[in-house]
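The values are calculated or read from the model by the stated rules, or taken from the named source; none is laboratory data. The shown structure was predicted, so the numbers you read here are calculated from the model rather than taken from an experiment. Cβ coordinates were reconstructed from backbone atoms using ideal geometry, including for glycine residues, and neighbour counts include every protein chain displayed.
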Amino acid sequence: MISVNNALEIILGSTRTIESFETSDIFNLTGRILYSNIISGIDVPQRDNSAMDGYAVIYSETSNASADNPVILSVTSEVQAGGEYSGSPLKKGEAVRIMTGANIPDGADAVIPFEDTEETDGKVKIFKSLAKNENIRFRGEDIQKGDIVLKKGVRIDSAQAGLIASMNISRADVYKKPEVAVISTGDEIIELGNSNPSGKTVNSNAYTLCSEVRKYGGEPVYLGIVKDNIIETTEKIEDAMKSDIIITSGGVSMGKYDFIPDVMRNLGVDIKIQKVLMKPGKPVVFGHIGRKLFFGLPGNPVSVMVSFMQFVRPALLKMAGAEKINKPVIGAKLTENIKKKPGRKHFVRGVYTISNNQFHVKTTGDQGSGILRSMSEANCLIMLPEESGNAAPGDIVDIQLIDHGEI
C-alpha cells in the first residue's frame, strides 16, 4: 500500500492533457477550460463615462459648496446612458445632466450625484464639493486593448463569461472534454427503476460518477452493469477502451469475484496502484495504457465518492487542460471526538461553519462507507493524517472543501 500523496503523484504523473480543442459560443462556456488566451480587442470601458446619475461639472467650481452655501450652475444639456455629448466643451458656470454610463462631456472632470443637488428652472444647486475625476470611469480602466484577460487553462465560471462578453467576444476556443466510460460491476447490482428482489442493490454509483464527471469537465459514457463474470467483464472494459478514462466501481477488493485488476492486466494495463492507505477507499486500482487512464474504484457508495474526489477529479481536470486542480484545504476547530487508529489517512464527512472568524467542523454522523446520505449532507472532508490517532474537541484539523472551486 502507498500513501494518498504518493498515489496522487503517480496518477498525475501518468496523466496527459488532451491537446485538441473546439470553439464554443458564450452561452455554453461555463465549466469549459480555455484552450487559448483571451485577448481584448477593445478598451473597457471604451470611453470616459459617468459612474453615477447626476451632473457633469468642473470640479474646481465646487470647492466651497455646502448645504448652507450651494454653488449654482446652469444646466446646458443632457446626455443619456450610452449617448454621445454633442455640445461645446463645458465652461465655467455650466453643468450637463448625465446618466450612469454616459460619455463624459469635454471639459468636465467630475460628476456630482443627483442626491447632492437640486435643479430648478434650468439651474442646479450643488451642495457638496468634489475631488477631481470623482465618479468618472476612465477609458481602459477595467481592460485595455491588447490585455491578456484570461489565460489558457482557466475554467470559465459565470463571472468570467460576463467578462468575456464585456469585450464583445462571443466565442472562445476550449479544450475538448475527455470522454469517461463508467462501468458498474456485481451480480448484486440492479438498474434504477427495476424491481428490487431481496439482496439486490440499486445502482447509485453510476449516477454519482456520471454527475461528478460532468461537474469536472468530462463527458460521461455510461456502459451499464457487468455481472461477476470475467469474460463479460473483459468484453465490457475492452468496449470502454475507446474512451480517454475508464472508471469501474466494485470488484477491486479481495473477494472471489473481485477480478478487475486481473482483467486490466490481461488487457495490457500497466497497473501502478492497487491499494492506498486511506479510509474509506483503500482498494483503489489505477493504471494506464499510454494516455488512457484506468480507475478501479471500490463498490461502497461513499468510497466511490471519496476516491473519485481525491484521484479521478484532479486527473480529469489535468487531462481537460485545467491549471487549477487542488481543492482548498483550511484549518478548522473540531467540535467532537473522532476515533481513529494510526496507519491510514481518514476522510471523514463533515460540516463546517464559521463563527468569530474561526472555522468549526463536526461530522455528519455515522461514517459507514455505505451511508451515502452522510456524504450528501457534507460540505467538507475532515482529513486526519496516517500517523494520527484519535482527535478531540478543540483540535485544529485540516478540512478539504467540497463545494468550492479548485485553486
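A single entry from 114, 127, 138 fulfils the requirement of being of a type in the set (Phe, Trp, Tyr) and within 22 Å of residue 168 (Cα to Cα): 138. Among the residues making up the stretch 365-405, a single one is assigned to a loop (DSSP other than H, G, I, E, B), modelled with pLDDT of 95 or more and β-branched (Val, Ile, Thr): 402. Within the set 30, 23, 76, 17, the sole residue that is outside any loop (DSSP other than H, G, I, E, B), of a type outside the set (Lys, Arg) and within 30 Å of residue 156 (Cα to Cα) turns out to be 23. Entry remark, the stretch 266-283: residues being assigned to a strand (DSSP E or B), within 24 Å of residue 387 (Cβ to Cβ) and in contact with a Pro (Cβ under 9 Å, 6 or more places away or on another chain) number 1 in total. Would you check if there is a residue in the stretch 120-132 being assigned by TED's automatic domain parsing to the domain that holds residue 61, assigned to a strand (DSSP E or B) and buried (at least 20 other Cβ atoms within 10 Å of the Cβ)? Yes, because at least one residue in the stretch 120-132 is assigned by TED's automatic domain parsing to the domain that holds residue 61, assigned to a strand (DSSP E or B) and buried (at least 20 other Cβ atoms within 10 Å of the Cβ). Screening the candidates 158, 170, 184, 129 for the property of being within 30 Å of residue 226 (Cα to Cα) and of a type in the set (Gly, Ala, Ser) yields one hit, 184.
So, residue 327, is that one of a type in the set (Lys, Arg), surrounded by fewer than 18 Cβ atoms within 10 Å (Cβ to Cβ) and at pLDDT 95 or above or not? Criteria not met by residue 327. Being touching a Leu at 6+ places or on another chain (Cβ under 7 Å) and outside the structural domain of residue 161 (by TED's automatic domain parsing) is true for just one of 202, 226. Which residue is that? Within the list 202, 226, the selection yields 202. Scanning the stretch 105-118 for residues being farther than 16 Å from residue 60 by Cβ and β-branched (Val, Ile, Thr) gives a total of 1.
Residue count for the stretch 137-165 satisfying the condition of being among the polar types (S, T, N, Q) and in a loop (DSSP other than H, G, I, E, B): 1. When the stretch 166-181 is limited to residues that are within 20 Å of the chain's Cα centre (by Cα) and in a loop (DSSP other than H, G, I, E, B), the one that is nearest to residue 37 (Cα to Cα) turns out to be 176. Can residue 315 be described as part of a loop (DSSP other than H, G, I, E, B), crowded, with 20+ Cβ neighbours inside 10 Å and modelled with pLDDT of 95 or more? So residue 315 does not fit the description; no.
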